[in-house]
1. Where the only charges are on Cβ atoms (+1 Lys, Arg; -1 Asp, Glu), what is the dipole of region 1-77 about its Cα centre, to the nearest 20 debye?
2. List the residues of region 75-96 whose backbone N lies under 20 Å from a point placed 7 Å from the Cα of residue 27 along the Cα-to-Cβ direction.
3. Using 0.36 nm per residue of separation minus the Cα-Cα distance, give me the extension gain between residue 63 and residue 118 in nm, one decimal.
4. Radius of gyration and Dmax for region 79-120's Cα atoms, expressed in Å?
5. Could you tell me which of the pairs 18/82; 25/95; 8/58; 5/82; 18/49; 28/95 are separated by over 25 angstrom between their Cα atoms in the structure shown?
6. Please report 12, 109, 71 as a ranked list, fewest other C-beta atoms within 10 angstrom at the top and most at the bottom.
7. Using only alpha carbon pairs under 8 Å that are at least six residues apart, calculate the relative contact order of the chain and give it in whole percent.
8. Using only the Cα atoms of region 31-100, construct the convex hull and provide its projected area averaged over every direction, in square nanometres to one decimal.
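Any read-out appearing in this document is the output of simple, stated calculations on the displayed coordinates, not a laboratory observation. Every value quoted in this text rests on a predicted model; they were computed, and no experiment measured them. Please note: Cβ atoms are built from the backbone with ideal geometry, for glycine as well, and neighbour counts cover all protein chains shown.
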Amino acid sequence: MAGLKVRKGDTVQVISGKDKGVKGKVIKTIPESSRVIVEGVNRVKRHTKAGQGAAGAKTGGIIVQEASIHVSNVMVVDSDGKPTRVRKRRETVDKNRPDGTNYAATRGVRVSARSGKDIA
């Protein structure tokens, strides 16, 4: 299975589902099931039983938190604020060895398919 094109910390826009059009930051990626958790998207209520916390406090009640959403339902937002597909480009960089010599290596860079700009 290939890796996800969405990373933790990316700003994404939901393109389908009940939260369509909402932009948010990726909190967590779950590559095993091709899912991501996005801030403010797919919020669900969890009913938790009161129990002993670390400090001895009893916590419980209804907690609202984000649930995962399939990665195909989100698109990465580029620097222009528009959703885009992600492409990869290989670029050559110079690296230094511990003994002080230099060598050429390649590095993968994520690029916006819409504008061609690098995705930070």
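1. Values: 14 positive and 5 negative charges, 32 e Å.
With Lys and Arg at +1 and Asp and Glu at -1, about 160 debye.
2. 75-77
3. 16.0 nm
4. Using the Cα atoms of region 79-120, the pair Rg, Dmax is 14.5, 45 Å.
5. Numbers: 18/82 20 Å; 25/95 32 Å; 8/58 32 Å; 5/82 16 Å; 18/49 28 Å; 28/95 31 Å.
Distance filter (> 25 Å) returns 25/95; 8/58; 18/49; 28/95.
6. Values: 12 24, 109 13, 71 19.
Final ranking by Cβ density, sparse to dense: 109, 71, 12.
7. On the way: 223 pairs, mean separation 22.7, N = 120.
The normalised contact order for the chain reaches 19 percent.
8. On the way: hull surface 43.9 nm².
Here the figure is 11.0 nm², rounded to one decimal.
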